[in-house]
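Single-structure report; data block below.
Just so it is clear, none of the values below were taken in a lab; they were calculated from the coordinates. All of these numbers come straight from a predicted model, not from anything done at the bench. Cβ placement follows ideal geometry from the backbone for every residue including glycine, while neighbour counts extend to all protein chains displayed.
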Amino acid sequence: MDSESWACSSVEKDLDRVVTKLEQLRDNASADVGDIAMLMSDLVNALGNAEQMVTTLNSSTQVNANAPSVDDPMGDGVSMQVETEPTAPQRPTDRHMEVIRGAILKCNERVQKLSTEHRDLHGSISKIGKAIDRNFSADFTSTMRVDVLQDEENLMLLNKAIAKHYCRQGMDTVARTLIKECKMTEDQAQDVFDSEREFADIYSIWMKIQKRELTEALKWTKRYSPQLMERHSLIEFRLHRMRFMQLVSYGVESQNEAVVYARTNFKKFALRYEHEIANLMASFIYLPAGLENSPYKHFLGQEMWTELSFIFLKDACQLLGISKNSALSVVVNAGCTALPALLNIKQVMQSRQVLGMWNGCDELPIEIDLQPEFRFHSIFACPILRQQTSEDNPPKKLTCGHVISNDALHKLSNGHILKCPYCPVEQNAEEAVRIYF
Ligand SMILES: [Zn+2]
């Protein structure tokens, strides 16, 4: 086990302990809160009874109470009679007082207990923080570029990325609060919502599928059916299949509905999913015994729904040409992957006193190997100079079709004449065109 996984498992152990504690506390607390609620409702009843007695007795003196009197220094005509002159029968009975006192005492005890347990939990949670500090390097300052955020425009870009992230997940109120507090301009705020609206819709459908609600998803796939078919997407059939199995799982009463559903919706998939549909139809024979006791029981499991929701998310995003991850989450995740390597190289650079190489340039001093999901653009390395092409040194396509970097092109050309290093066709260097990956 390398040191990083060892550190992870060590923190995980502490974390498990706290989670168990948290679960215990949750159970205890809900029991306590239930007790307190009961005591409180007893208390409210007791007070209500006492008040009723007071009101009954007061109504006979109502006329006097409403007339302003010399005893009323505020002159607002409000009767102080209940508090100032409680006659003997208006007091709650001893039994009431006993209930009230008892309830308050018990409530206080429970609340005290809850708060002690809560304090304990805080202690345990802060231990996790310490365990993280102990096991992992917490000092990332060396890799930070705080100076970047000194710039107003950059700071606003960051705020915008954060607002977009919230907006995508339907947390519009959070996004709006951020927009207000960071004083974002109207235009930029509008852009946040406009750019993420499509994804927010998809996201809400995705959440609904996970909650086993298919209506919205089916509506969406119906609208985009031709495009989905064209892309050989599985999602429309999968959704109908799930809805059908859902109907079958309701038992014999829904049998007719399921048959009608299959007739209406499986027709257009008859050719492509012939066997699968035949297979689904056989589920009816298990109806009397219940679907949970049949080979179809996996349709009832949560994994099936989660998988379905993710296929929907992926296919819908692909169809609309939007990313399924927010820019913020991509940056944070890619950054986390890169961090250990960056910390290492920074140390090396520090010890060799070549830190200046890092600051001031947009490129990182080393290549970071990220997962394919983080790769968005193809890169091109010049086969002649063995360097990655850049804005300053872009790739150029020669008339013969071979591609080399601009620098290589200049080095190889003699005046306007260039002999391709590969084929080797002689051509005019001016005719090479820039290409974009
Ligand atoms: Zn060539």
So, over other residues within a Cβ distance under 12 Å of L121, counting Lys, Arg +1 and Asp, Glu -1, the net charge is +2
What the Cα atoms of the range 212-300 span along the principal axes, largest first and in whole Å, is 40, 26, 22
With a ≥ b ≥ c from the Cα gyration tensor eigenvalues, square-rooted, and the rule rounded for a/c under 1.5, otherwise prolate when a/b > b/c and oblate otherwise, the range 309-437 is oblate
The simple spin-label model distance between V33 and A289, using points 7 Å out along Cα→Cβ, in nm, is 4.4
Calculated from DSSP helices alone, with each H run of at least 4 adding -39500 (n - 2.57) and the total divided by the residues of the chain, [θ]222 nm to the nearest 500 comes to -20000 deg cm²/dmol
Given 110-122, 235-247, the highest-first ranking by average Cβ count within 10 Å works out to 235-247, 110-122
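Calculate, for H416 and F376, the FRET efficiency according to 1/(1 + (r/R0)^6) with r their C-beta to C-beta distance and R0 35 Å; round to the nearest 0.05.
On the way: r = 36 Å, r/R0 = 1.04.
For R0 = 35 Å, the calculated efficiency reads 0.45.
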So the angle from the long Cα axis of helix 235-249 to the longest Cα principal axis of the chain, reported in degrees to the nearest 10, equals 30
For the range 386-437, whose charge dipole is built from +1 on Lys and Arg Cβ atoms and -1 on Asp and Glu Cβ atoms, the candidate among Q427, N414, G401 with its Cα farthest towards the positive end is G401
With Rg from the Cα atoms and Rh as the Kirkwood inverse mean 1/r over Cα pairs, the chain has an Rg/Rh of 1.15
Residue span S351 to R95: 0.36 nm per residue of separation minus Cα-Cα distance leaves a gain in nm of 84.1 nm
Checking A163, A327, A29 against a Gaussian network model of the chain (alpha-carbon springs below 10 Å), the top fluctuating residue turns out to be A29
Going fewest to most other Cβ atoms within 10 Å around each Cβ, S326, S254 line up as S254, S326
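I'm a student and want to see the number: the projected area of the Cα convex hull of the range 152-208, averaged over all directions, in nm². Don't jump to the answer; show the numbers that get you there.
Details: hull surface 14.1 nm².
Taking a quarter of the hull surface, the average projection is 3.5 nm².
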Residues other than I202 with Cβ under 13 Å of its Cβ, Lys/Arg counted +1 and Asp/Glu -1, net out at +2
The alpha-carbon pair-distance distribution computed for the range 194-353, with 5 angstrom bins and whole-percent values, is 1, 8, 15, 16, 16, 12, 8, 6, 5, 4, 3, 2, 2, 1, 1, 0
Subtracting the Cα-Cα distance of C423 and S5 from 0.36 nm times their residue separation yields 145.4 nm
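Could you work out the local net charge near Q24, counting Lys and Arg as +1, Asp and Glu as -1, over the other residues with Cβ closer than 14 Å to its Cβ? The partial results should precede the final answer.
Values: positive: R17, K21, R26, K113; negative: D16, E23, D27, D32, E117, D120.
Cβ neighbours under 14 Å give a net charge of -2.
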Stretched fully, the stretch from K21 through L385 gains (0.36 nm per residue minus C-alpha distance, one decimal, in nm) 125.0 nm
If amide H atoms are modeled at 1.01 Å from N in the peptide plane, then the residues at a separation of 5 or more from I404, or on another chain, having amide H under 5 Å from its own are K396, L398
